[in-house]
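Input: a single structure, listed below in structure tokens.
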Amino acid sequence: MGLNQSDAMKMVRASQYYPTLISLVNHSLRFLPAFTHMKRCLHDGMIGPLSEISLVDVRVQLGTIFPDKYDWMCDASMGGGALNLVGSHVIDLVSFLLQQHAVRVHGVIKSYTKSTPGINGIRQISAPDFCNFQMELINGTLITTSIQSHTVPAKTFSQEVLICGSLGHLVVRGGDLFLFKSKGDTSQKEEAVYVDVQDLHFATSETLLPRLYIKGLCKMVGALKESFASKESNWIKEPVQAAANFEDGLYVQAVLEAIRKSSETKSWQRVQISSDSPSNHDQIMRFARMSTM
């Protein structure tokens, strides 16, 4: 959502001026069935209360994130790289699942791939293909995330999201959800809660976006279509209630900026949402109502 908080703030303001319009951000993992089931399990207390979640471990490995020819995805300042293209989805997913925001972060961002067979001229790749960051949430939960593509074979993708609670853990591997309940028995095994058997029914070889992310996007677009399927004159919000809004996008941008700064300073950084935050919402809405009279 934009390149920085300033860009995101403009979008937040626009959505506040026109509250009846749909304003969503494409954080498609929210709509992936495995994560909707995971959220339900968390709120049902299957691994203990949400307040006792101690650790979230996210590991993503994917093939090249750079196209055959140089474009914006090769430039860090234009929004390319592992942190922006994948890390932003992880940050939003954690917020969606745990309903908590990060207060401080620590990150390491590296650009190991400077050129490829198709990109070897005067311009070099500046976008990072490796990032590792930690987030500490308001309640003390620690999130650790590792995203890399520089050592991974092309067209390879694996993603694991592990959440540890006081009674066990939940883990999503690929598109499948598993539950482990600790009962003091070392012979206990994980049990499948949801197994993804749905197919996209179309090829995804033309995009660098992982297949799972495309599946989540298809689910999101389907929910958007359902919002307009009603016979009512206006759209209905319920089908897209789970989608990220522009305020969520602003928060993600704040975390991304803090991670970049942490990588530069090699120290923990506090997450600071722009001081020009939408706290003047009432004033904006009053002006919007007056302008429509």
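Springs between Cα atoms under 10 Å define the GNM used for the chain, and in it the highest mean-square fluctuation of S51, S111, S126 occurs at S51.
Looking at region 5-291, the accessible area is 52 square angstrom per residue; that uses a 1.4 Å probe and ignores ligands, DNA and RNA.
Leaving out ligands, DNA and RNA, and with a 1.4 Å probe, what % of the accessible surface on the chain is carbon or sulfur? Carbon with sulfur: 53 percent of the solvent-accessible area. A convex hull fitted around the alpha carbon atoms of the chain yields 168 Å³ per residue. Counting other Cβ atoms within 10 Å of each Cβ, which trypsin sites (Lys or Arg not before Pro) in region 1-110 have at most 15 and sit in a DSSP loop? Passing both the DSSP loop test and the Cβ count: K69. Taking a cut-off of 23 Å between Cα atoms, list the lysines near K219, but don't count ones fewer than 8 places away on the same chain. Here the lysines satisfying the reach criterion relative to K219 are K39, K155, K231, K237. Scan the chain and hand back the longest stretch that contains none of the GluC sites (Glu not before Pro) lying in DSSP loops with at most 12 other Cβ atoms within 10 Å. With GluC sites (Glu not before Pro) excluded where exposed in loops, the chain gives 1-205 as its longest stretch.
What is region 101-143 by shape, rounded, prolate or oblate, if you read a ≥ b ≥ c off the alpha carbon gyration tensor as root eigenvalues and call it rounded for a/c under 1.5, prolate for a/b larger than b/c, and oblate otherwise? Mind dumping the intermediate values first?
Values: a/c = 5.55, a/b = 4.57, b/c = 1.21.
Note, shape of region 101-143 comes out prolate.
Dipole of the chain computed with +1 at Lys/Arg Cβ and -1 at Asp/Glu Cβ about the Cα centre; of M73, P128, S6, farthest Cα towards the positive end is S6.
The values are calculated or read from the model by the stated rules, or taken from the named source; none is laboratory data. On a predicted model such as this, the values are computed, not experimentally measured, just so you know. Reconstructed Cβ throughout: ideal geometry from the backbone, glycine too, with neighbour counts over all protein chains shown. Calculation scope for accessible area: heavy atoms of the full protein, side chains included, ligands and nucleic acids excluded. Shrake-Rupley method; radii C 1.70, N 1.55, O 1.52, S 1.80 Å.
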